[in-house]
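See below for the structure under consideration.
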Amino acid sequence: MAAVTAELIDAPGVALVSLADGLAPVVDGAAHATRDRAAVIVISDGAADSRLLDPVVNASGVADGASAGHWIAHAAQAAMADPRGAVHLAVPPGVADAPAVPVATSVRRAPLPTPSAEALDALSDAISSAARPVLIAGLETGPDDAKWLRALAESVPAPVLTTPKGKGVLPDPHPLALGLLAAGHPLLAQSDLLIAVGVDPVEVGPGVWPAGVRVASITRRAGDATVVAEIALVIEELAPRLRGRTRADWDVAALDRLKRGLRVAAPAGPGLARRRVVELAREMTPAGTLLTLDVPLAAAWQSVAPRECLVANGAATLGFALPAALAAALARPDARVVAVGAAAGFAAMAGEWSTAERLRAPSVAVALNHAGTTDVASGARAAGVSVETATDEASFRAAFDRAWRAGVACLVDAHVSR
């Protein structure tokens, strides 16, 4: 929940935990936040050897009354420094109630250096000389960067792929939005320049980058990137350098045919398909609805803005969808939330239904329950959450509509067959 909060508010999320009953759950949660590049401050008691957390956090510290202000500021800065991740702050017994010494300090994220003219010139030359450049947007590309990336894509012009966490930076219905980055995507083989915008290495699996194709990168993260700076600033500085220069040689009609050819139809047959469940939920909800997802179906959800599809990097933490939806509902009270996940995940997180009921969070959870073999309903009903059951498209539409109109947390038990 803290990791999702951090993603949505662009500031550290905070998790208060006890280590008295073991480190394993805390290690899992901190590892999830760091892998997702989410700024999370984990504040714990001092009941265990917290050095075991070191491999999965960006920094650690121990607070006392005299140094609490310093360590909290340090934790916030370390969590927000790229690559973002979890930071652990231990509070030994008796310290939490002790007087704290006021400290004048800053918790703002350190500004990035201004990109050099030489680096910007080299990047603009590479873009101008490419016949078929492709833009790839990743997790660092936020709402403030989206309008700049769209302008760059349209002016070059260049088709755009995204990682799952970059989804929505260019609205999915846009003609230049060609889906998710994946090994074997036909655009990669056709390109002569890949421009990775805010893509973190943790988002790119082995074998994704095609051999022999140049890769240029714009990122906030120090390293071997072509340009290291704020993404919006880099694109703004590129605009006058690209004006009047040779445009890319993409065939727009061919890109449209490719986009239509990439659309994956749900498998035919009786019953309810997993992908079709996500597509129907998207069709039945307004723009701006947030999706939390712990199954690999992000491509089925049409996003029109960044951070509308909240999914974990790589293999999602089991049961991510439900607590992520609760966090999203708290962080974005102006938006409605849909959680879609495996039935096993909802069963593992059954204890969170009481939290959902207490918060009265306006969210609809959809459990993808193969042939109804997992009992996901009992835990929800025991907490006072209403449950709808669906076995085909017609019953899913009706069940989802009732759950949506309820305006509080509801569960749709979708008995999928494929």
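The values are calculated or read from the model by the stated rules, or taken from the named source; none is laboratory data. Please read all numbers here as calculations on a predicted model, not as lab measurements. Heads up, the Cβs are rebuilt from the backbone with ideal geometry, glycines too, and the neighbour counts pull from every protein chain shown. What goes into the accessible areas is simple: the full protein's heavy atoms, side chains included, and nothing from ligands, DNA or RNA. Shrake-Rupley method; radii C 1.70, N 1.55, O 1.52, S 1.80 Å.
Some points to look at:
- For the chain, the share of alpha carbon pairs falling in successive 20 Å distance bins from zero is 25, 52, 22, 1 percent.
- MRE, 222 nm, helices only [DSSP H, n ≥ 4, -39500 (n - 2.57), over the chain, to nearest 500]: -10000 deg cm²/dmol
- When Rg and the Kirkwood Rh are both derived from Cα coordinates, the Rg/Rh ratio for the range 68-179 amounts to 1.18.
- Carbon + sulfur, % of accessible area of the range 263-404 - ligands and nucleic acids excluded, 1.4 Å: 55
- When the Cα atoms of the range 275-351 are aligned to their principal axes, the ranges along those axes come out at 30, 27, 22 Å in descending order.
- The alpha carbon radius of gyration of the range 46-109, expressed as a multiple of 2.2 N^0.38 Å, is 1.14.
- Annotation: amide H of VAL416 within the under-5 Å range of ASN369, HIS370, ALA371, GLY372, sequence separation 5 or more or interchain, hydrogens built in the peptide plane.
- Distance (nanometres) between label positions extended 7 Å along Cα→Cβ at HIS174 and ARG243: 2.1
- The range 327-418 - Rg (one decimal) and Dmax (whole number), Cα, Å: 12.3, 35
- Per residue accessible area in Å² of the chain, where ligands, DNA and RNA are left out and the probe is 1.4 Å: 43
- Computed over the alpha carbons of the range 1-132, Rg followed by Dmax gives 18.6, 65 Å.
- Space enclosed by the convex hull of the alpha-carbon atoms of the range 114-225, per residue, Å³: 107
- Rolling a 1.4 Å probe over the protein heavy atoms of the range 186-232, with every protein chain left in place, gives an accessible area that is 56 percent carbon and sulfur.
- Take the Cβ atoms of ARG51 and ARG381, set R0 to 51 Å, and the FRET efficiency comes out at 0.75.
- Cα pair distances exceeding 14 angstrom across the range 16-57, given as percent: 40
- Legend: calculated FRET efficiency, THR355 to VAL215, from the Cβ-Cβ distance at R0 = 30 Å, rounded to 0.05, equals 0.10.
- For ALA11 and ASP125, a Förster radius of 25 Å and the Cβ-Cβ distance give a FRET efficiency of 0.10, rounded to the nearest 0.05.
- The chain - share of DSSP beta bridges that are antiparallel (%, nearest 5): 0
- Rounded percent of accessible protein surface that carbon and sulfur make up, the range 1-111, 1.4 Å probe: 61
- Amide H to amide H distances under 5 Å link VAL197 with ILE136, ALA137, GLY138, ILE218, where only residues 5 or more positions off or on other chains count and H is placed in the peptide plane.
- Working note: Cα gyration tensor of the range 146-300, eigenvalues times five, square-rooted, sorted largest first, giving semi-axes of 29, 18, 17 Å.
- Alpha-carbon geometry of the range 111-176: the Rg and the Dmax are 12.7, 36 Å, given in that order.
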